[in-house]
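These notes are about the structure you will find just below.
Values quoted throughout were computed directly from the atomic coordinates according to the rules given, and no laboratory measurement underlies them. Small disclaimer: the values here were computed from a predicted structure and weren't measured. We place every Cβ from the backbone using ideal geometry, glycine too, and count neighbours over all the protein chains shown.
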């Protein structure tokens, strides 16, 4: 085994030196190429160690039990690196990357994405096959007599079982398998992973949980590779650290509290979802509750708990199913089969089975309660009178403002708006940065001397002749003086409202920016990392300071920009300030996939349920649509088409929901419960009692 590791490693090393995808000299390597060489060297070292270990084991007549773990760990690491390289390769033939390469940017890619993906496969494919082969080689070896125990397969085949959970954990969301997502799969997606947690030791359970978390994050967010050159890598790295901090205490509690262990996981996972969605690094993508957006009756509980309550329900069902299955496995032999070489005996396997069935019963009762609550809530909502019906025209120009011709995009917006104007809308809504030249800046310059100034003049002239209220995304800026007295320009991502007379009524500046790719607050403290981001074509904004509610003669609305509509508490605060409708403007064109637009859109549906107000979305490429106050998609237009959508938005009698009043009380409560369980776990009598 060790000789093959060494041979494959040396062969790949020769390919990198003489082959068609040979690396440059060491002084010209990029970070990713250094990482690949280090990974190759690790294979070489482990191959030499395996040669030595195998020789010694044969001489002594023993086999080191941990030898089979090496290809297992290497396979996971190799799969992660290959996915990084493959997604990175998707950027190769994008126009802005071509310009970046031509300007001498700090990136090296082939000029064609197919060639770049082939290069990634050549580099990592042999290593994946090598580790997969030897993983199967060790796993298919006959077990020693008496070592085959019920549950032992959860140790012997833990990695494939975890990968099954990864796949199920991706397809239950909108994905390449189903654009709508297979929501029902979410109720059992984590069951294989939880069974592996039960069967394996704490250390290996953490490893498998970390593998699941990072792989699911990468696959679910693979489209981030087309947002910028660093986003997917940074998101995956942050999630790896967060999963590690989450898994160690959670699995300790999960294994310590035998009686209520099935409750530990949903409590801890909601605390994890809440923490990872908060603060500067907040990224509320992939929340388990989002998978149920089509299950209208079930998601109404979000009006009380926020989306977190739906996530808790999904996780509780998974935990109950896993507990019931584990109880059945345990009762068959009186042991868990936790490790073939060292099984863990259960004193009362029958009680274990009974606890598992009780856990499933409790989860089922909670599910039934939420379903009944949702049915009752929908009935009450339908009885509320409709007070207003403002007509909105949502424009989807199907162009990326960052990459396409500004004049051409403006012409498309004008053509679509003119068509929509025939339906007499009260408000026209253009997407995030739909109009690119900074209106504040270029309107002050002479159109005869500057093409951008001429374009802004044409926009203002059109808007004045439109005789309609118009909301558009645009850049904004202000000039301030720093501590030295020097003038400094601050740029903002903004939404601007114009009245029918052509007046700029009010501006909202985006408050929550995408970390690392829109905003980096530690420029002074970490100048090296800041420069590294700038070298990779990252454009940074400043966060706004005011939560704006726009006043239209017919209604009041707020405009969370792009992924701001994914943050429950942020949108809630707009509603507390008086917003009657949430008008989200987004640009998802850059992702080049309907999957990202669908994931983004359905994430926002919950803001309507949580606050019982309607939501409309105008996106550059989709999802452009209207969602009623029950979270149902009433109307939408196809992705990646030049379209407009005219909708009559129903504003019902105001209802302050529990969530609107108290915000994220539910996940905060569960964070407190988790802390209490952690404190009690240091006392063995308490662990035995629970």
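Just a few scattered comments:
- With contacts taken as Cα pairs under 8 Å at a separation of at least 6 residues, segment 495-590 carries a relative contact order of 24 percent.
- The alpha carbon centroids of segment 639-682 and segment 455-517 are separated by 29 Å.
- Square roots of 5 times each gyration tensor eigenvalue, C-alpha, segment 420-575, largest first, Å: 30, 22, 14
- Cα gyration tensor, segment 358-419 - rounded (a/c under 1.5), prolate or oblate: oblate
- The stretch between residue 634 and residue 505 holds 43.5 nm of extra length on full extension. This uses 0.36 nm per residue minus the Cα-Cα distance.
- In nm, spacing of pseudo-spin labels at residue 524 and residue 489 (7 Å Cα→C-beta vector): 2.3
- Shape of the chain from the C-alpha gyration tensor: oblate (a/c of 1.5 or more and a/b not above b/c, with a ≥ b ≥ c the square roots of its eigenvalues).
- For 70, 613, 328, 585, order by how many other beta-carbon atoms lie within 10 Å, fewest first: 328, 70, 613, 585
- Per-pair calculated FRET efficiency, R0 = 56 Å: residue 4 and residue 648 via Cβ, rounded to 0.05: 0.25
- Spacing of the two label points (7 Å from each Cα toward its C-beta) at residue 365 and residue 176, in nm: 4.4
- Which of 375, 593 has the fewest Cβ neighbours within 10 Å, and the rest in rising order: 375, 593
- Three-way shape label, segment 228-291, alpha-carbon gyration tensor, a/c 1.5: prolate
- Rounded to 5, percent antiparallel among DSSP beta bridges of the chain: 70
- Applying 1/(1 + (r/R0)^6) with R0 = 25 Å to the Cβ-Cβ distance of residue 467 and residue 577 gives a FRET efficiency near 0.30.
- Short-range pairs are left out: with C-alpha atoms under 8 Å and at least six residues apart, the relative contact order of segment 403-527 is 20 percent.
- Counting only alpha carbon atoms, the long axis of helix 406-421 and the longest principal axis of the chain meet at about 70°.
- When 552, 450, 43 are arranged by Cβ crowding within 10 Å, least crowded first, meaning fewest neighbours, the order is 450, 552, 43.
- Binned Cα-Cα distances of segment 179-319, short to long, each 5 Å bin given as a whole percent: 2, 9, 18, 22, 21, 16, 9, 3, 0, 0
- Inverse of mean 1/r across different Cα pairs in segment 364-488, Kirkwood, Å: 18.2
- Helix 665-680 axis, angle to the chain major axis (alpha carbon atoms, nearest 10°): 20
- Linear extension gain, residue 48 paired with residue 376, 0.36 nm per residue minus alpha-carbon span: 111.4 nm
- Extended-chain gain in nm, criterion 0.36 nm per residue less alpha-carbon gap, residue 592 and residue 675: 25.6 nm
- Sequence-distant contacts, meaning Cα pairs under 8 Å at least 6 residues apart, place the relative contact order of the chain at 13 percent.
- Cα long-axis angle, helix 113-139 against the chain (0 to 90 degrees, to the nearest 10): 30
- Residue 258-residue 406 pseudo-label distance in nm [points 7 Å out on the Cα-to-Cβ vector]: 7.0
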